[in-house]
Amino acid sequence: MKHILLTGATGFLGSHLLKALIEQEYKVTIVKRSTSDTWRIAEQENLFSSFDVDIDSIEGVFEKNHFDVVVHAACNYGRGGGTVLDLIEANILFGVEIARLSVEYSVPQFINFDTFFSKYYKPELYMADYVLSKIQFLEWLKYYSSKLKVINLVCHHVYGENEGGGKFVYWLKENILENNKNIPLTSGDQKRDFVHVNDVVRFCIAVMRADLKLNFNSFEVGSGEVRSIREFVEVFHGKMKANGIGLEATLDFGAIVSNNEIMDVASDISESRNIGWSPSLTMEEGVEKLAFELSKGFKNDNNCNTNI
């Protein structure tokens, strides 16, 4: 049984990873803060070990355990009102310490979750501080890859169940759930590769098992299909309405002027397919799955019944 050290387990992607790793019968240890909100992983609370990095020494975690793989999904998007120093601490310093200890304690494999935004970085673009911190951390991983097998997963626009506040799909969902008659949006011309979180998790497990010869490997993880944000929003809105939610909500495209955003992206998952993985959900299928899951919670919530 492989022992996995997972960071970011209380977040959106990390919680899905934790559940899948446990289902695949891996032994999992997570590191988090004592103040972390654990609602996403409450159902698995007795199925993994946990260390609080603001109480326990992170080096002590490595001293007490032998890890076969580190899966690093922790990050700070910079949306919560913190400082640039908070972002650097979370996205660079914490990750560097985990990578250093992985080398020191002979961990065979380090899997890092990266962002497609790094390919388009400019200081004036949206979330530039976050993207720059991810770029700088990747340079540290390349440095450590002389002694550590590093696998870098460049994720496109990940969406799915239990997404948190501050992200676009969550914001859109909340507006539709509230039946807002006028949901202000940009023109929606921005292009993205929308990939369901389940497919990202599947790829992480597939690459963990792959026989990779190089010490540094980087893969794009997406659906392989670029679609406009407008398409995604219209499909999502339609699926929610089909489940009886947001029947009076309307989409006001063009109400917001889009500034400093990446308008087009390239998506190439050919290398990812070469390890025997392929995305299992189209955008329409993934959105339908999300809308169905949201509708179950919506209809079971007595506080929401008046909106149906």
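The values are calculated or read from the model by the stated rules, or taken from the named source; none is laboratory data. Note that the structure is a prediction, hence the values are computed from the model and not measured. With ideal geometry, Cβ positions are generated from the backbone for all residues, glycine too; neighbour counts draw on all protein chains shown.
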Assess whether residue 250 counts as being buried (at least 17 other Cβ atoms within 10 Å of the Cβ) and of a type in the set (Ser, Thr, Tyr). no
Check 132, 141 and return the single one that is of a type outside the set (Val, Ile, Thr) and either under 21 Å from residue 205 (Cβ atoms) or exposed (fewer than 14 other Cβ atoms within 10 Å of the Cβ) (or both). 141
Looking at residue 236 and the list (1) outside any helix (DSSP H, G or I); (2) over 15 Å from residue 156 (Cβ atoms), which single condition is not satisfied? (1)
Quick one: residue 223 ticks every box in (1) buried (at least 19 other Cβ atoms within 10 Å of the Cβ); (2) in contact with a Pro (Cβ under 6 Å, 6 or more places away or on another chain); (3) not in a loop (DSSP other than H, G, I, E, B) except a single one, so which number is it? (3)
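Yes/no per residue for (1) closer than 21 Å to residue 118 by Cβ; (2) in contact with a helix residue (DSSP H, G or I) (Cβ under 6 Å, 6 or more places away or on another chain); (3) of a type in the set (A, V, I, L, M, F, W, C):
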| position | (1), (2), (3) |
| --- | --- |
| 222 | yes, no, no |
| 236 | no, yes, yes |
| 241 | no, no, no |
| 250 | no, no, no |
| 254 | no, no, no |
| 266 | yes, no, yes |
If I go through the range 8-21 residue by residue, how many of them are under 12 Å from the mean Cα position of the chain (by Cα) and within 19 Å of residue 33 (Cβ to Cβ)? 9
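Yes/no per residue for (1) at pLDDT 95 or above; (2) assigned to a helix (DSSP H, G or I):
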residue	(1), (2)
231	yes, yes
249	no, no
257	no, no
267	no, no
272	yes, yes
278	yes, no
281	yes, no
291	no, yes
297	no, yes
Check on residue 208, aliphatic (A, V, I, L, M), in contact (Cβ under 8 Å) with a residue 24 or more places away in the chain and out of contact with any helix residue (DSSP H, G or I) (no Cβ under 6 Å at 6 or more places or on another chain): yes
Does residue 93 qualify as being aliphatic (A, V, I, L, M), free of Cβ contacts under 8 Å to residues at least 40 places away in the same chain and under 17 Å from residue 61 (Cβ atoms)? yes
Considering only residues that are farther than 19 Å from residue 117 by Cα and not in a loop (DSSP other than H, G, I, E, B), which ones fall in the range 139-169? 143, 144, 149, 150
Looking at residue 245 and the list (1) modelled with pLDDT of 95 or more; (2) crowded, with 18+ Cβ neighbours inside 10 Å; (3) in a loop (DSSP other than H, G, I, E, B), which single condition is not satisfied? (1)
Output the residues belonging to the range 34-55 that are touching a residue at least 60 places away in the same chain (Cβ under 8 Å) and acidic (Asp, Glu). none
Has the range 177-185 got any residue that is modelled with pLDDT under 95, buried (at least 19 other Cβ atoms within 10 Å of the Cβ) and more than 17 Å from the chain's Cα centre (by Cα)? yes
